[in-house]
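What follows is a single structure, written as structure tokens, with notes after it.
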Amino acid sequence: MGDFSTAGNGDDLPPASPKLPIPGKRNILITSALPYVNNVPHLGNIIGSVLSADVFARYCRLRDYNTIYMCGTDEYGTATETKALEENCTPKQICDKYHVIHREVYKWFDISFDHFGRTSTPQQTEVCQAIFKKLWENNWLSENTMQQPYCETCKKFLADRLVEGSCPTPGCNYDSARGDQCEKCGKLLNPTELKDPRCKVCRNTPCIRDTDHLFLELPLLKDELEAYVNDLSVAGGWSQNAIHTTHAWLREGLKPRCITRDLKWGVPVPHEKYKDKVFYVWFDAPIGYVSITSCYTTEWEKWWKNPENVELYQFMGKDNVPFHTVIFPSTLLGTRENWTLMKTISVTEYLNYEAGKFSKSKGVGVFGNDAKETNIPVEVWRYYLLTNRPEVSDTLFSWVDLQAKLNSELLNNLGNFVNRVLSFIAKDPASGYGSLIPNPEGAESHPLTKALGEKVGNYVEQYIEAMEKVKLKQGLKIAMSISGEGNGYLQESQFWRLYKEDKPSCSIVMSTASGLVYLLACLLEPFIPSFSREVLKQLNFPPETQLSLSDERGDIEKSKRPWHILPAGHKIGIPTPLFKELKDEEVEFYREKFAGSQADRNLKAETEARKITDQLNKAKISDANKKKERATKSSEAKAKGSASVEAEISISRLDIRVGLITRAQKHPDADSLYVEEIDVGEAQPRTVVSGLVKYIPLEEMQNRKVCVLCNLKPASMRGIKSQAMVLAASNSDHTKVELVEPPKDAAIGERVTFPGFDGKADDVLNPKKKVWETLQVDLHTNKELVACYKDLPLTTSVGVCKVTSISEGSIR
């Protein structure tokens, strides 16, 4: 069931040596549809490709198959140029921006790529052009003149996605269909087929002009393609929707497919006549799987030109099917090289949102960064999306359903079972087992336990059968059934009575139940890996423990005897609840927050911000009037003179200390605020509220040393009193913020000083004297990234305080 020794260094780094196919082992190459880089992925995108592929990749690793999972951002094409126009920047800048956003979203979702790359690389150009040259040499390409929309206003040919109009499909008539595909009915289109076409940039009606292009002669490759489809669709167990779509294309008759476009952002066509054109994104995008693998290893051909030893599994939504079952395999077949063609394709239908449809272009639904910013843990998101995976028909995301699955299935079934078992074992020896796994002697002759073992063994076999066929939702359901069996076993055994009346039998029950806890961590790791990591922690195994479901190691047989999974005498860790109830008011809050489109939400937020600004301005006017009324009294006081001289405003009056954030969480009533507990060397940690949510991910706020201004007057921020302030640096336009960090070896509670200033700090800074405001203007970072007051560094006994990358920024 697992290796109880540690393995690996725990760092999230590329492997020292990339994995290559191993003779005699199952070598699994997994890809998921490359997410387009012009927007943030929504939950429908995530379950349709990367999350589903991740589950299967994790399962394959669990089974000890030699597995790599390749993915990356699809960066070329019209959509990128269009987005660049919208954001007034270059396509490269758009790609750089959204590649990072995608990578961070998938990192939060626990997606375990072996490599996450991108298509705008020299390797993509090299591989794509090499495939093109083979097709050209083998006469699978033709030249043809086609009519294409030309915008007189923009002075250029309009690629598919730069043209919009009404869908020509009878019964559809969607008025915002793109020139390549109708988003509503899914029909693939040519831009000249649109009714009432218009340029997406200037909204004017384009004219039609002739332009020469290159075409892949799909009709000439039809026989080879059909033989491949008929063979692998059965042998590979293709999804029914993939088979249906592919055969529909074949029945309609294949047509030559244009592979070039009049664009600048893309892979250049290596042909003199077409040197000003680039490859159509759906010719070069699937080749991205290959080029991304070539970025992972220079020996990429051992994966991609090795069909005898490598099995290729591909995951995607239904709108991507023909490109992967018709166009891409035809392209590879036409090269006459020994390519690893797709064995199995797993295709999802659409995940719809509440009353409508997820849409990146319209901003409808919950997006990856939205999920990340809620207080709902990642394992809940993964579980809900996977139980709701649209495998055979469209499914619906709803907040009420998410709540029901969390509260009833995760909390009351799975979480309750694990916590019940471990909490009982952790009790002191007078009422439990003192945190030690008991001895299950006699388990084979214990009828209830033996019957459970047989049931669990059957479930594990069914689980493997489902997962081998990429029936992910069924696999998850079977795994959760074992949790249900565990709860039933505890109830039927009445272990709390056995402990008093028949302790040997109680020991059998608790040893068996603890084995089931470990088995569940193993079976559920592909689906909710953060849950499995936490269970291992509570079982007191190191995080590097390698979970396993390998035939060679006898793990399947061992699952039939769960009382032998954990060794007797093993000391468990500290049990804590694994899931938290999602309440009705929270559900209503999220439904309201994510209603409508992103544009609607932004407008609502801006309206609320304006209201707050107006209220603040009114308050300032009122305050100014009160100050005028006090002016005469103030001048009289000044005339009498002051009994004491106000202390000089010196940097030494600030009490800045080295602090350690021991806990950080989102503010319950403010989306932009964190609430931190910070140890500054006092008896109790200080509560600090910081407006850093949009700049620093929550996970990066945990357990890190910071510089803390400790003598500001405490202030209430949205109902929580902030007792200090974390120092942070921002760039000139305040789009980037980084924490000011002391040296790693600095002592918690040590005062941060400034050379030449040795005075005592104020107990509390008087806000009326504007001490902080006066000094703050001279706090900044220098070119060496050192935090300074004027030209003096913020200094500790072991070195100066610095930021990561913001030079010449302001500190506040």
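The values are calculated or read from the model by the stated rules, or taken from the named source; none is laboratory data. Everything numeric in this text was worked out from a predicted model, so none of it was measured. Because the Cβ atoms are built from the backbone with ideal geometry, glycine has one as well, and the counts that use them run over all protein chains shown. The area values use the complete protein model at the heavy-atom level, side chains included, leaving out ligands, DNA and RNA. Shrake-Rupley method; radii C 1.70, N 1.55, O 1.52, S 1.80 Å.
Before moving on, here are some points about what is shown:
- Of all lysines in the structure, the ones whose alpha carbon falls short of 17 Å from that of LYS500, not counting any fewer than 8 places away in one chain, are LYS427.
- Nearest-0.05 FRET efficiency for SER716 and ILE649, computed from C-beta distance (R0 22 Å): 0.25
- Summing charges over all other residues whose Cβ lies under 11 Å from the Cβ of GLN148, with Lys and Arg as +1 and Asp and Glu as -1, gives -1.
- Scanning residues 5 or more positions from LEU582 or on other chains, those with amide H under 5 Å from its amide H are ASN407, with H placed 1.01 Å from N in the peptide plane.
- Separation in nanometres of the label points that stand 7 Å from Cα toward Cβ, at GLN240 and THR804: 4.8 nm
- Residues of the stretch 245-262 falling in the label zone of LYS222, defined by backbone nitrogen less than 15 Å from a point 7 Å along Cα to beta-carbon, are 247-257.
- DSSP finds beta bridges in the chain, and of those with both partners inside it, around 75 percent are antiparallel.
- Amide H contacts of VAL267 (H built 1.01 Å from N, under 5 Å, at least 5 apart or other chain): PHE279
- Two-site FRET efficiency, CYS185 against ILE748, from Cβ-Cβ distance with R₀ of 51 Å, rounded to 0.05: 0.25
- Separation in nanometres of the label points that stand 7 Å from Cα toward Cβ, at ASN782 and ASN173: 7.2 nm
- Protection-proxy order for peptides 219-228, 657-666, each taking the mean of Cβ atoms within 10 Å per residue, highest first: 657-666, 219-228
- Put a dot 7 Å past the Cα of THR90, heading toward its Cβ, do the same for ARG704, and the two dots end up 3.0 nm apart.
- Highest-first arrangement of 60-66, 390-396, 701-707, where packing means the average Cβ count within 10 Å: 60-66, 701-707, 390-396
- The stretch 499-561: GluC sites (Glu not before Pro) in DSSP coil with no more than 13 other Cβ atoms inside 10 Å: GLU544, GLU552
- Amide H contacts under 5 Å for THR260, placed H, 5+ residues apart: LEU214, TYR280
- Among the protein heavy atoms of the stretch 215-332, carbon and sulfur supply 51% of the accessible surface, probe 1.4 Å, non-protein parts ignored.
- Å² of accessible area per residue within the chain, as computed with a 1.4 Å probe and no ligands counted: 46 Å²
- For the chain, the residue among THR449, PRO206, MET146 whose Cα projects farthest onto the positive side of the dipole built from Cβ charges is PRO206.
- Calculated from backbone phi, Karplus (6.51, -1.76, 1.60) coupling profile of the stretch 717-734 in Hz, x at Gly/Pro: 10, 6, x, 10, 7, 8, 9, 5, 9, 7, 7, 9, 10, 10, 7, 5, 9, 6
- Potential lengthening of the chain between GLU193 and ALA683 amounts to 169.0 nm, from the contour at 0.36 nm per residue minus the alpha-carbon distance.
- Alpha carbon centroid spacing (whole Å) that separates the stretch 667-693 from the stretch 86-108: 30 Å
- Subset of LYS19/LYS275; LYS450/LYS473; LYS593/LYS802; LYS222/LYS477 violating a 32 Å alpha-carbon distance limit: LYS19/LYS275; LYS593/LYS802; LYS222/LYS477
- Measuring between their Cα centroids, the stretch 271-345 and the stretch 175-195 lie 25 Å from each other.
- Summing charges over neighbours of VAL201, with a neighbour being any other residue whose Cβ is under 13 Å away from its Cβ, gives +3 when K and R count +1 and D and E count -1.
- For the stretch 310-318, the Karplus equation 6.51 cos²θ - 1.76 cosθ + 1.60, evaluated at θ = phi - 60°, returns couplings of 10, 10, 9, 10, 10, 10, 5, x, 5 Hz by residue, with Gly and Pro reported as x.
- Whichever aspartates and glutamates have a C-alpha closer than 12 Å to that of LYS560, once near sequence neighbours (fewer than 8 apart) are set aside: GLU444, GLU454, GLU461
- Net charge over other residues, Cβ less than 11 angstrom from the Cβ of THR804 (K, R count +1; D, E count -1): -1
- Between the C-alpha center of the stretch 698-722 and that of the stretch 453-482 there is a gap of 47 Å.
- For the pair GLU301 and LEU396 in one chain, pulling the backbone fully straight at 0.36 nm per residue adds 30.1 nm over the alpha carbon distance.
- Once the chain from THR576 to LYS107 is taken as fully extended at 0.36 nm per residue, the excess over their C-alpha distance is 166.3 nm.
- Distance-filtered residues of the stretch 131-145 - backbone nitrogen under 17 Å, label point 7 angstrom along GLU272 Cα→Cβ: 137
- Counting only residues at least eight positions apart within a chain, or on another chain, the aspartates and glutamates with an alpha carbon under 17 Å from that of LYS195 are ASP160, GLU164, ASP175, ASP180, GLU183.
- Which labelled figure in (i) 40.2; (ii) 32.9; (iii) 43.3 is mean projected area of the Cα convex hull in nm², once derived from the coordinates: (iii)
- The fraction of accessible area contributed by carbon and sulfur in the stretch 12-80 is 56 percent, rounded to a whole number (1.4 Å probe; ligands and nucleic acids excluded).
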